[in-house]
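Read the structure below first, then the notes.
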Amino acid sequence: MDWGTLQAVLGGVNKHSTSIGKIWLTVLFIFRIMILVVAAERVWGDEQQDFVCNTLQPGCRNVCYDHFFPISHIRLWALQLIFVSTPALLVAMHVAYTRHEKKRRFRNGEKIDIAELKNEKIHIRGPLWWTYTSSIFFRIIFEAVFMYVFYYMYDGYQMPRLVKCNAWPCPNTVDCFVSRPTEKTTFTIFMLAVSGICMMLNLAELCYLVIKICMKESRKTTVLK
């Protein structure tokens, strides 16, 4: 997966984000994407090959592995990162649309500094405020959903050392052993903890934006009075 392309796109969003949003993006890339690419893929690289069962029945090991681990942790984390990052792309598209409209007005004769427009920071207000807050809301929802999916799909966050399987075509209940369970449990808890931190940052940013707009509207009402 080309994470560099995603980083380039979200880097453009980072320019127009709040301070909390910049921290969220830093945590996302350093403690989630980089860890996933550099370390996690090596930890889980041998998971099916080293899933050993005490039987020689053809197909039994594959069936048992599919039963207990229907989706690889790595692929589920990658899917989670894609879903969590996608709402931010809405902000990028909104900013691109705003700049496109300004360029169109420039072509129609309105005086606009094109060089300054490229480096201009679009303030989070008006329609962009709704787009930005909606993207944060969906990020929180996606994080919470995937944390529940991890818990439900793997029956908790701890990697078992041994699982017992009696699925067909196993001749009876067989014992299957998971490779490096302690290391994988530690890694899983770390990734979920970082996911929780990202959720808290998203909640903090959402509260900040709501409070800020409420205070702004309150000041407007005071001035009108």
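The values are calculated or read from the model by the stated rules, or taken from the named source; none is laboratory data. Quick caveat, the model's predicted, so the values are computed rather than measured. As a convention, Cβ positions derive from the backbone with ideal geometry for all residues, glycine included, and neighbour counts pool all protein chains shown. SASA here: full protein model, heavy atoms, side chains in, ligands and nucleic acids out. Shrake-Rupley method; radii C 1.70, N 1.55, O 1.52, S 1.80 Å.
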- Note on the structure: Among GLU116, GLU143, the single one that is at pLDDT 90 or above, part of a helix (DSSP H, G or I) and acidic (Asp, Glu) is GLU143
- Have a look at ILE35, ILE71 and point out the one that is modelled with pLDDT of 80 or more and part of a helix (DSSP H, G or I). ILE35
- Residue under evaluation GLU183, criteria (1) open to solvent by 50 Å² or more (accessible area, probe 1.4 Å); (2) of a type outside the set (S, T, N, Q); (3) without any contact (Cβ under 8 Å) to a residue 24 or more places away in the chain, criterion not met: (3)
- Task: Give the residues of the range 122-132 that are modelled with pLDDT of 85 or more and either assigned to a loop (DSSP other than H, G, I, E, B) or buried (at least 17 other Cβ atoms within 10 Å of the Cβ) (or both), sorted by residue number.
- Result: THR131, TYR132
- Message: Name the single residue that is most open to solvent (accessible area, probe 1.4 Å) among those in the range 42-59 being touching a strand residue (DSSP E or B) at 6+ places or on another chain (Cβ under 6 Å) and either among the polar types (S, T, N, Q) or in a helix (DSSP H, G or I) (or both).
- Response: ASN54
- Item | Residue satisfying all of: in the range 1-32; at pLDDT 80 or above and open to solvent by 60 Å² or more (accessible area, probe 1.4 Å); nearest to LYS212 (Cα to Cα) among these | SER19
- Task: Considering (1) modelled with pLDDT of 85 or more; (2) open to solvent by 40 Å² or more (accessible area, probe 1.4 Å); (3) under 15 Å from the mean Cα position of the chain (by Cα), say which one VAL84 fails and leave the rest.
- Result: (2)
- Taking interchain pairs and intrachain pairs at least six residues apart, which have beta carbon atoms under 8 angstrom, with the first residue in the range 22-35 and of a type in the set (Val, Ile, Thr) and the second at pLDDT below 85 and surrounded by fewer than 20 Cβ atoms within 10 Å (Cβ to Cβ)? ILE33/TRP3; ILE33/LEU6; ILE33/GLN7
- Message: Out of the residues in the range 146-167 meeting the condition of being without any contact (Cβ under 8 Å) to a residue 12 or more places away in the chain and not aromatic (Phe, Trp, Tyr), tell me which one is most open to solvent (accessible area, probe 1.4 Å).
- Response: ASP155
